[in-house]
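Here's the structure we're looking at; comments come further down.
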Amino acid sequence: MVDVPGAHRVLGPPGVLPQAAWRLDPDPALKDTAETRVRVERLNLDAASFRQLRDAHGDRVRDEVLRIVAERGKMHNPVTGSGGMLIGVVEESGPDATVGVRPGDRIATLVSLTLTPLTITDGLARWDGRAEQVPCDGFAILHGRTVAAVLPGDLDAALALAVFDVCGAPALTARVVAGYHRPVVAVIGGSGKSGSLSLAAARRAGASRTVGVCPDGTEAARLRESGLADEIVVADARAPIGGVRADVTVVCVDVPGCEHAAILATRDGGTVVFFSMATSFTAAALGAEGLAADVTLLIGNGYVPGHARMALDLIRATPGLRQLFTRRLRAD
């Protein structure tokens, strides 16, 4: 039998992994020698999940998050299938824990809340439901293969959490860009968190030109001020985007229906990287086939070795990027 980390926390259905489970056991007591318990300070809901929850539940979004966590033992949006991540302080680690953190460390988890047993103890009393970051008291359990990072001392915790939340996007973007010779890189959703980091990563990795696609003039102005894009296009990414033909297209939007526009914006022989939890694999695969598009489709899985360190390096070394993140956090 294969020993699957966290499988003993699955309450149903039988035989599935923690991420696919409908419900996990969120008991804060360690139940395995490889587990680590974290006292939770803040959740960060992923953008697609937060948008869906806000649109569907309005002023009652807090009640819906509490209902999901109570029902499922984790933050796993049943509509988008996504969750987010958290920050907190390590309280206890089993003797066989391999997370690489110690009691007292203030950490961010770099894996999804959809596979993290979670208990909320304060009713989310300090959250008004208007922003992705959720002040929270509670407990989370990390299994033996969970990836986590100690929060850096030189960055505000909210800023670090926002960076860690999307740190897989710039790392994979850089890897893909490095496989081309001075490619043109387009990022759909270029003014957002993952999009702006991906633009910065693409430029550092050798892109000859970066194109940021934004939904409106306000977002375009933010991106223009950051200096991260050589060209800015204002367009609805759910429809064909005029004038964009990239070697690498990175999709970082939080709305569904952008798969075909991204494929059309990519040259034959190019690559489309989907980093949105709103992406439909079926729409992307069948869309590329139907458009006779000779492009490689990649689904970003959020993990590349060294991704957290790379994202922090980008935010420290790129003033326009840090300013964009800071202003977005203030607006939220």
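When residues in the stretch 189-247 are screened for being on the phi > 0 side of the Ramachandran plot and touching a residue at least 60 places away in the same chain (Cβ under 8 Å), 2 of them pass.
In the stretch 141-151, which residues are closer than 16 Å to Val10 by Cβ and crowded, with 22+ Cβ neighbours inside 10 Å? Let's see the steps before the verdict.
Step one: list which residues in the stretch 141-151 are closer than 16 Å to Val10 by Cβ, which gives 141-146.
Residues satisfying the conditions are Ile141, Leu142, His143, Thr146.
For Ala317, the conditions (1) over 20 Å from Arg209 (Cα atoms); (2) without any contact (Cβ under 8 Å) to a residue 12 or more places away in the chain are fulfilled apart from (1).
So which residues in the stretch 208-218 are small (Gly, Ala, Ser) and in a strand (DSSP E or B)?
Here is the first cut: in the stretch 208-218, the residues small (Gly, Ala, Ser) are 208, 212, 217.
Hit for the stretch 208-218 is Gly212, nothing else.
Candidates are the residues of the stretch 1-46 that are in a loop (DSSP other than H, G, I, E, B) and among the acidic types (Asp, Glu); the one that is surrounded by the most Cβ atoms within 10 Å (Cβ to Cβ) is Asp46. Exactly one residue among Thr279, Thr296, Thr218 is touching a strand residue (DSSP E or B) at 6+ places or on another chain (Cβ under 6 Å) and among the β-branched types (Val, Ile, Thr), and that residue is Thr296.
With respect to the conditions (1) within 19 Å of Gly192 (Cβ to Cβ); (2) in contact (Cβ under 8 Å) with a residue 40 or more places away in the chain; (3) of a type in the set (S, T, N, Q), Thr271 falls short on a single one, namely (1). Checking the stretch 157-172 against the condition returns a match, with at least one residue being surrounded by fewer than 22 Cβ atoms within 10 Å (Cβ to Cβ) and closer than 23 Å to Ala220 by Cα.
Out of all the residues in the stretch 111-124, is one or more over 20 Å from the mean Cα position of the chain (by Cα) and under 28 Å from Ala311 (Cα atoms)? The answer is no, given that none of the residues of the stretch 111-124 is over 20 Å from the mean Cα position of the chain (by Cα) and under 28 Å from Ala311 (Cα atoms).
Using the structure shown, decide if Asp137 is in contact with a helix residue (DSSP H, G or I) (Cβ under 9 Å, 6 or more places away or on another chain) and of a type outside the set (A, V, I, L, M, F, W, C).
Judged against the criteria, Asp137 is not a match.
Filtering the stretch 219-252 down to residues that are within 16 Å of Lys193 (Cβ to Cβ) and β-branched (Val, Ile, Thr), which residue is surrounded by the most Cβ atoms within 10 Å (Cβ to Cβ)? Checking each candidate, the answer is Val250. Just one of (1) among the aliphatic types (A, V, I, L, M); (2) more than 18 Å from Ser196 (Cβ to Cβ); (3) under 16 Å from the mean Cα position of the chain (by Cα) fails for Ala292. It is (3).
If you go through the stretch 4-49 and keep only what is under 16 Å from Val111 (Cβ atoms) and in contact with a helix residue (DSSP H, G or I) (Cβ under 6 Å, 6 or more places away or on another chain), you end up with Pro18, Gln19, Leu24, Asn44.
Do we have any residue at all in the stretch 159-182 that's of a type in the set (Gly, Ala, Ser) and within 21 Å of Arg330 (Cα to Cα)?
Keep residues of the stretch 159-182 that are of a type in the set (Gly, Ala, Ser), which gives 160, 162, 168-169, 171, 174, 178-179.
Next cut, within 21 Å of Arg330 (Cα to Cα) only: 160, 162.
There is at least one residue in the stretch 159-182 that is of a type in the set (Gly, Ala, Ser) and within 21 Å of Arg330 (Cα to Cα).
Looking across the stretch 98-148, the residues that are in contact with a strand residue (DSSP E or B) (Cβ under 7 Å, 6 or more places away or on another chain), farther than 24 Å from Val61 by Cα and of a type in the set (Lys, Arg) come down to Arg102, Arg106.
Of the residues making up the stretch 48-59, those that are more than 14 Å from Gln133 (Cβ to Cβ) and touching a residue at least 12 places away in the same chain (Cβ under 8 Å) are Ala48, Arg51, Gln52, Ala56, Asp59. Evaluated against (1) over 24 Å from Asp332 (Cβ atoms); (2) within 23 Å of the chain's Cα centre (by Cα), Gly242 falls short on exactly one condition, (2).
Is it true that Val187 is aliphatic (A, V, I, L, M) and either closer than 27 Å to Glu64 by Cα or crowded, with 24+ Cβ neighbours inside 10 Å (or both)? Answer is yes for this residue.
Residues are listed down the side, and each one gets a yes or a no for (1) of a type in the set (A, V, I, L, M, F, W, C); (2) under 21 Å from the mean Cα position of the chain (by Cα); (3) at pLDDT 95 or above:
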residue	(1), (2), (3)
Ala186	yes, yes, yes
Arg209	no, no, yes
Ala237	yes, yes, no
Thr266	no, no, yes
Val272	yes, yes, yes
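If you check Thr119, Thr98, Thr36 for being farther than 29 Å from Gly192 by Cα and in contact with a Pro (Cβ under 8 Å, 6 or more places away or on another chain), only one passes: Thr119.
The values are calculated or read from the model by the stated rules, or taken from the named source; none is laboratory data. All values reported here derive from a predicted model rather than from experimental measurement. Here Cβ is always computed from backbone atoms with ideal geometry, including for glycine, and neighbour counts include all displayed protein chains.
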